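*Asks:* Handing you this structure, nothing more for now.
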Amino acid sequence: MNASKVELSKCFLSSIDAAKKFVDYNEYQLDPDGEIYQYILQLYAYNYDNVAAKKARFSEDSFLARVLPEKEEDFAAFVDVVTDEMHTLLGEAVSLGAGSGLFLWATVEEQPVIAFFKLNYQTKFTCDMTEDGQVIWKQSGRLLPSHTQKEYDYFYINLYERKVWMSDSKCYIDGEMVNYMAERILQLELNKSEKEMVSVFENAVLDTIKECYKEHEEAPKKVFEYRQEAASEAVEMGEISPVKMEERLFADNERAKEVYREKVEELQIADKPVEVGKKTERKLKKKQKIVLESGIELQVPIECLEDSNLFQYKQDEHGNVLIRIQDVGGVLK
C-alpha cells in the first residue's frame, strides 16, 4: 500500500505488561510533520496488503459487530475492550510477551479501516560512553521494532465491507496453540491467506494438467495458458475464479473437468472467486521462471510463452518438458 493513500486521523497508545494491574492507554495527538507519525504511517502502509495475512468476515449480529465503533468519536470504547482482553490474555497465555499497543483510525480510499498493532519489546545492545570516556555496550530493553522487522502482531478491520485481515500470531492458551487475536480478542473464524489460497488453487490446476494432458506439447501449452489466464483475470477483475478457470482452461477436455472438480473439492477450494490484491497481480503478471535440471534459470515474459516463433515445447514419456528457443537476438546482461 502506498502511504500516500492512507489518511491517519486518530491514534491511541497503550502499555501491555502483565506486571501491571491493568493496561494503561491514552490518545496520542498525531503530528504529520513528526518522526513518530512517519513511523506509524509506514507501519500501517507496509502491512496493509500483506498477502500472508489471514482473512475473515463478520456478520451484523457477531461479537465484533457489537463492539466496533460506528464513528471515529466512539473509537475509545473499542480500544478499551481490546486492551482489557489483552491484559487478561497476558495472565493466561504462554509466550505472549509484553509490548506496546498501537490503535489507529484511518481512511483508505474513502473507507474507514481501523488497525491494531502489538509491538513486541526488543532487547538490544546500544553503544554508549562512560563518564571517564570509555566506549561500552550496554543492554537496552523495551525498544520498539522498525516497521520492516515484523516483530509485532496486527489486525485491520474494514468497517464498511466487514472484512478483517491479520497476522497469524499464535500462542498457547489452555494448552492449545491458537491465533489469540482471532480466537479471543475479535472472536472470529479465520480463512486461508491470499497467498495460501492462490497457491492451493494453482496446485489444483497444475495437478490436473499433469494428470490429463499426456501428449508431447499439451501439458506445457496448458501450463502457460493457465499463467496467462490467471494474470489476465487478476488484473481485469481483481480475483481468480475456480469456476471460470475450469470453463476457459479445460473446455477441450471433459476428463480434465472432472479431475479438476475433484481436486478443488479435495483441497477445499470454494466456488467463489479468490480475491487478489495488487501484490499478487504484479506477481502473476511478471515473467515466468523456468528452471532447468542443470540449474539454469530462464525468465520469460508471460505474453511470450505461447509464441511458437520463439519457443517450442515437447513432453517425453517420463513427463519431462523439452524446450527449444529460437530466433532470439539480444545481449548478455
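*Asks:* With the dipole of the chain worked out from charges on the C-beta (+1 for Lys and Arg, -1 for Asp and Glu) around the Cα centre, which of 103, 208, 219 lies farthest toward the positive end?
*Replies:* 219
*Asks:* Something else about it: Which whole-number percent is the relative contact order of the chain (Cα, under 8 Å, 6+ apart)? Mind showing how you got there, number by number?
*Replies:* Numbers: 510 pairs, mean separation 50.0, N = 333.
Taking the mean separation of contacting Cα pairs over the length of the chain, I get 15 percent.
*Asks:* Still on this model: With +1 on each Lys and Arg Cβ and -1 on each Asp and Glu Cβ, how big is the dipole of the chain about its Cα centre, in debye rounded to the nearest 20?
*Replies:* Taking the Cα centre of the chain as origin, the dipole is about 660 debye.
*Asks:* Compute the long axis of helix 75-92 from its Cα atoms, compare it with the longest principal axis of the Cα atoms of the chain, and write down the angle in degrees, 0 to 90, nearest 10.
*Replies:* Between helix and principal axis, roughly 90 degrees.
*Asks:* Here are some values of volume of the Cα convex hull per residue in Å³: (1) 240; (2) 151; (3) 232. Which one was computed from this structure?
*Replies:* Computed from the coordinates, volume of the Cα convex hull per residue in Å³ corresponds to (3).
*Asks:* Another question, if that's okay. How much accessible area per residue does the chain have, in Å², with a 1.4 Å probe?
*Replies:* 58 Å²
*Asks:* Could you please state how large a percent of the accessible area of the chain is carbon and sulfur, counting protein chains only and using a 1.4 Å probe?
*Replies:* Looking at the chain in its full context, I get 47 percent from C and S.
*Asks:* If you don't mind, there's one more thing I want to ask. Mind checking the angle between helix 254-266 and the chain's longest principal axis? C-alpha axes, 0 to 90 degrees, to the nearest 10.
*Replies:* The answer is roughly 20 degrees.
*Asks:* Shifting gears a bit: Tell me, what is the FRET efficiency for residue 206 and residue 127 to the nearest 0.05, using R0 = 41 angstrom and their Cβ-Cβ distance as r?
*Replies:* Using R0 = 41 Å, I get an efficiency of 0.20.
*Asks:* Okay, moving on. Among 78, 144, 50, whose Cα lies farthest out toward the positive end of the dipole of the chain, if unit charges sit on the beta carbon of Lys, Arg (+1) and Asp, Glu (-1)?
*Replies:* 144
*Asks:* Next question, about the same structure. For residue 80 and residue 267, what is the calculated FRET efficiency with R₀ set at 45 Å and r taken between the beta-carbons, to the nearest 0.05?
*Replies:* E between residue 80 and residue 267, to the nearest 0.05, is 0.60.
*Asks:* For the stretch 1-148, what ratio Rg/Rh do Cα atoms give with a Kirkwood hydrodynamic radius?
*Replies:* With Rg and the Kirkwood Rh in hand, the quotient comes to 1.02.
*Asks:* Still on this structure: In whole Å, what are the Cα extents of the stretch 9-87 along the three principal axes, biggest one first?
*Replies:* 41, 37, 27
*Asks:* Ok, one more. To the nearest 0.05, how large is the calculated FRET efficiency for residue 15 and residue 282 if R₀ is 30 Å and r is the Cβ-Cβ distance?
*Replies:* 0.20
*Asks:* Ordered by residue, what ³J(HN,Hα) values in Hz, to whole numbers, does the stretch 179-196 give under the Karplus form 6.51 cos²θ - 1.76 cosθ + 1.60, where θ = phi - 60° and Gly and Pro are x?
*Replies:* 7, 5, 5, 6, 5, 9, 7, 9, 6, 10, 9, 8, 10, 4, 6, 4, 4, 5
*Asks:* Among 175-188, 253-266, 16-29, what's the highest-first ranking by average C-beta atoms within 10 angstrom per residue?
*Replies:* Averaged packing, sorted descending, gives the order 175-188, 253-266, 16-29.
*Asks:* Ok, one more. Between residue 232 and residue 92, what is the label-to-label distance in nm when each label sits 7 Å out along the Cα-to-Cβ direction?
*Replies:* A separation of 5.2 nm, rounded to one decimal place.
*Asks:* Continuing with this model, one more query. Of 257/283; 55/272; 257/279, which pairs sit farther than 18 Å apart, going by alpha carbon to alpha carbon?
*Replies:* Where the Cα-Cα span goes over 18 Å, the pairs concerned are 257/283; 257/279.
The values are calculated or read from the model by the stated rules, or taken from the named source; none is laboratory data. Note that the structure is a prediction, hence the values are computed from the model and not measured. Neighbour counts run over all protein chains shown; Cβ positions are idealised from the backbone, glycine included. We work out accessible area using only protein heavy atoms, side chains counted, and drop any ligands, DNA or RNA first. Shrake-Rupley method; radii C 1.70, N 1.55, O 1.52, S 1.80 Å.
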